[in-house]
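Read the structure below first, then the notes.
The values are calculated or read from the model by the stated rules, or taken from the named source; none is laboratory data. Quantities reported herein were computed from a predicted structural model and do not represent experimental measurements. Cβ sites come from the backbone with ideal geometry, for glycine too, and all protein chains shown count toward neighbours. In case anyone asks, the SASA skips ligands and DNA or RNA and just uses the protein heavy atoms, side chains included. Shrake-Rupley method; radii C 1.70, N 1.55, O 1.52, S 1.80 Å.
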Amino acid sequence: LEVAFLRRDVAASNMFEDYFGDLMPVQGIEPRLEVEYILEAPTNKPIYFNRGGVERSKKGKNTVYRYTAKNVLAIKPEGGMPGWTEIAKYLHASTYKTWDDVGKWYWDLVREQLVVDDDIRAAVTTAVKDLPANASEADKVAAIYEYVVRNTRYVGLEFGIHGYKPYRTTEILDRQFGDCKDKASLLKVMLGELGI
C-alpha cells in the first residue's frame, strides 16, 4: 500500500507571521517499508529539523528538504501508554531553531494581554485579605491560586489566534471564565502585583 499526499499552506495572511511548522509521524501502528517527507520552502526562510539525515537541494529560489526512513518498525499500542510523540519516531520541521526562538515569539504575542487595572488590584487585595501580615510567599501564592481557581470557570473559547494567545487579563477577570492560558495569565499578573 502506498500513501502519498501534497499539502500546500497558502493563504492571504498568516497569523503566525513568518512561522512554519509541521509534525509528521515516522512510525505508526503498522510497519513501513519506506517513509519519505519532502518540503519545498523559500531559501531565505531556513527550516530546522529535530532529526539528522535531512538532505537539502536548491530549486530556483527555493530549498527542497528530503527525509527518508526505510524499514520502520511498527509500534503496538497499549492501554495507558504515553503520548505518541513520547514513544514514536517523528519528524518536526520548523522555522524556529531553538526553544528560545519560540519563547521570544510567544512573549511578543502575549505581553500586551497582561494588563493590570484597579479591578485586578482589588482582586489581589481580596485574595490575600485573610492572610496574616507576615504571611510567607508560599501562602500568598496559594491564596492567589485559590482565588483564580475558584473565581475563573474553565471554558475554552479557542477561536483563531486565541488557540495560542490568551484573552486580555482584565477581560478574563471581568467575565470570570477562561482556558488554561487565560487562567495562567491572570495568575501571573496577580502574583506580580504582590512582587512574586
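Of note:
- Among the residues of the stretch 41-52, those that are within 22 Å of LEU6 (Cα to Cα) and under 24 Å from the mean Cα position of the chain (by Cα) comprise ALA41, LYS45, PRO46, ILE47, TYR48, PHE49, ASN50, ARG51.
- Any pair with Cβ under 7 angstrom, 6 or more apart, that starts in the stretch 51-62 at a residue that is under 14 Å from TYR37 (Cα atoms) and in contact (Cβ under 8 Å) with a residue 60 or more places away in the chain and ends at one that is surrounded by 11 or more Cβ atoms within 10 Å (Cβ to Cβ) and aromatic (Phe, Trp, Tyr): none
- In the set (1) of a type in the set (A, V, I, L, M, F, W, C); (2) exposed (fewer than 15 other Cβ atoms within 10 Å of the Cβ); (3) at pLDDT 95 or above, the condition left unmet by ILE161 is number (3).
- The numbered conditions (1) open to solvent by 60 Å² or more (accessible area, probe 1.4 Å); (2) among the charged types (D, E, K, R); (3) over 30 Å from THR170 (Cα atoms) are all true for ASP118 except (3).
- All conditions but one from (1) out of contact with any strand residue (DSSP E or B) (no Cβ under 7 Å at 6 or more places or on another chain); (2) closer than 30 Å to PHE20 by Cα apply to ASP130; the one that does not is (2).
- Some residue of the stretch 116-132 being polar (S, T, N, Q) and within 20 Å of the chain's Cα centre (by Cα): no
- Residue-level check: of (1) surrounded by fewer than 17 Cβ atoms within 10 Å (Cβ to Cβ); (2) closer than 30 Å to TYR48 by Cα; (3) touching an Asp or Glu at 6+ places or on another chain (Cβ under 9 Å), VAL155 misses just (2).
- TYR147 meets all of the listed conditions (1) within 24 Å of the chain's Cα centre (by Cα); (2) closer than 15 Å to LYS188 by Cα but one, namely (1).
- From the list ILE29, ILE38, the one residue that fits, being outside any loop (DSSP other than H, G, I, E, B), over 30 Å from THR170 (Cα atoms) and open to solvent by 40 Å² or more (accessible area, probe 1.4 Å), is ILE38.
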